[in-house]
Amino acid sequence: MVCETFTRSNSIICRLDPRLRVVVGVALSVVLALSHNFPVLFAGLAAGVVFAAFARLPIRPAAKRFAAVNLFVGFVALFLPFTMSGGTLFRLGRVAFSRAGVLKGAEVLIKSNAIVLIFTGLLSTVELPRLGKALEALGAPRKLGQIFYFTVRYIDLLHHEYERLRNAMRVRCFRPGLSLHTYRTYGYLIGMLLVKSFDRSERVLNAMKCRGFRGEFHTLQRLQFRQRDAVFAIVCGVFIVLLVSMHLL
């Protein structure tokens, strides 16, 4: 599965209780999202790098994901110096770069990378059934966990179906361009994805009913809070308190 690229690792992070990883990831992300203090953001970015290193994420798939994130976030941050007022930092011809815009763009870049690193290091290494069980154990509704599981699972299936259709288009010598034929072809592609996803959902629903599915996923791995989880919780708790203290100063 594309969505479970990082679950094959057997790192220290992978052996931690997924419930604890969810709590720590959400707590750190909330602190970073609400903070505008650069020392706090850099500390969160460093924590994300540490989590990713201990999770032993494969470099190439992780780099592709972060390239996609930074492509979007960088595009947004690029226009902030032109659209925000707050003092001119420097000029390039007639274009003025505002100091507030440059700082806000840097804040957005650091904050987004820190949060993505934290969630990738902590949660991308959890198998989807275990992550659903962890969310349910933390009080999330069972239906919400099942919706999450099916959403992630079928994003992956749609990705594979899209790749298959795109390869079929390449075999037929399709080359995209700014033409009506290209727009029509992509419209057919999207329509085929919708039709195939609906047909697949019907087949999977019937198959699950035949196998006695009653609205609950079973797993052989139990969620247990061990000594290493307590140590990790204490260290992360102290770190979060330090971040909050730095934010309030």
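The values are calculated or read from the model by the stated rules, or taken from the named source; none is laboratory data. A quick note: this is a predicted structure, and the numbers were derived from the prediction, not measured. Counting neighbours? That spans all protein chains shown, and the Cβs are built from the backbone with ideal geometry, glycine included. Protein only, heavy atoms only, side chains kept; ligands, DNA and RNA dropped before computing areas. Shrake-Rupley method; radii C 1.70, N 1.55, O 1.52, S 1.80 Å.
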- Out of all the residues in the range 157-176, is one or more among the β-branched types (Val, Ile, Thr) and surrounded by 11 or more Cβ atoms within 10 Å (Cβ to Cβ)? no
- Just to be sure, is MET192 surrounded by 15 or more Cβ atoms within 10 Å (Cβ to Cβ) and more than 26 Å from the chain's Cα centre (by Cα)? no
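Name the helices (runs of 4 or more DSSP H) wholly within the range 116-217 that hold at least 2 residues that are in contact with an Asp or Glu (Cβ under 9 Å, 6 or more places away or on another chain) and more than 21 Å from PRO61 (Cα to Cα)?
On the way: elements: 128-137, 142-171, 180-210.
Counting at least 2 such residues, we get 142-171, 180-210.
Inspect all residues belonging to the range 87-94 and state whether any of them is in contact (Cβ under 8 Å) with a residue 12 or more places away in the chain, of a type outside the set (Phe, Trp, Tyr), open to solvent by less than 50 Å² (accessible area, probe 1.4 Å) and touching a strand residue (DSSP E or B) at 6+ places or on another chain (Cβ under 8 Å). Spell out the reasoning first.
Going residue by residue through the range 87-94, those that are in contact (Cβ under 8 Å) with a residue 12 or more places away in the chain are 87, 89.
Of the ones still in play, those that are also of a type outside the set (Phe, Trp, Tyr) are 87, 89.
Filter once more, keeping what is open to solvent by less than 50 Å² (accessible area, probe 1.4 Å): 87.
Then keep just the ones that are touching a strand residue (DSSP E or B) at 6+ places or on another chain (Cβ under 8 Å); that gives 87.
Yes - at least one qualifying residue is present in the range 87-94.
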- Item | LEU242 at pLDDT below 85, among the hydrophobic types (A, V, I, L, M, F, W, C) and either open to solvent by 70 Å² or more (accessible area, probe 1.4 Å) or over 24 Å from the mean Cα position of the chain (by Cα) (or both) | no
- Give just the number: which of (1) modelled with pLDDT under 80; (2) closer than 30 Å to LEU249 by Cα; (3) not in a helix (DSSP H, G or I) does ALA100 not satisfy? (3)
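Quick one: is ALA27 assigned to a helix (DSSP H, G or I), without any contact (Cβ under 8 Å) to a residue 40 or more places away in the chain and surrounded by fewer than 20 Cβ atoms within 10 Å (Cβ to Cβ)? Before the answer, list the steps.
Details: assigned to a helix (DSSP H, G or I): yes; without any contact (Cβ under 8 Å) to a residue 40 or more places away in the chain: no; surrounded by fewer than 20 Cβ atoms within 10 Å (Cβ to Cβ): yes.
No.
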- Query: Looking at the range 36-54, which of its residues are of a type outside the set (A, V, I, L, M) and either closer than 11 Å to ILE115 by Cβ or crowded, with 22+ Cβ neighbours inside 10 Å (or both)?
  - Reply: GLY44, GLY48, PHE51
- Task: Among the residues of the range 112-128, write down those that are within 13 Å of PHE51 (Cβ to Cβ) and either of a type in the set (A, V, I, L, M) or free of Cβ contacts under 8 Å to residues at least 12 places away in the same chain (or both).
- Result: ALA114, ILE115, VAL116, LEU117, ILE118, LEU122, LEU123, VAL126
- Message: assigned to a helix (DSSP H, G or I) and at pLDDT 80 or above: is that true of ALA62 in this structure?
- Response: no
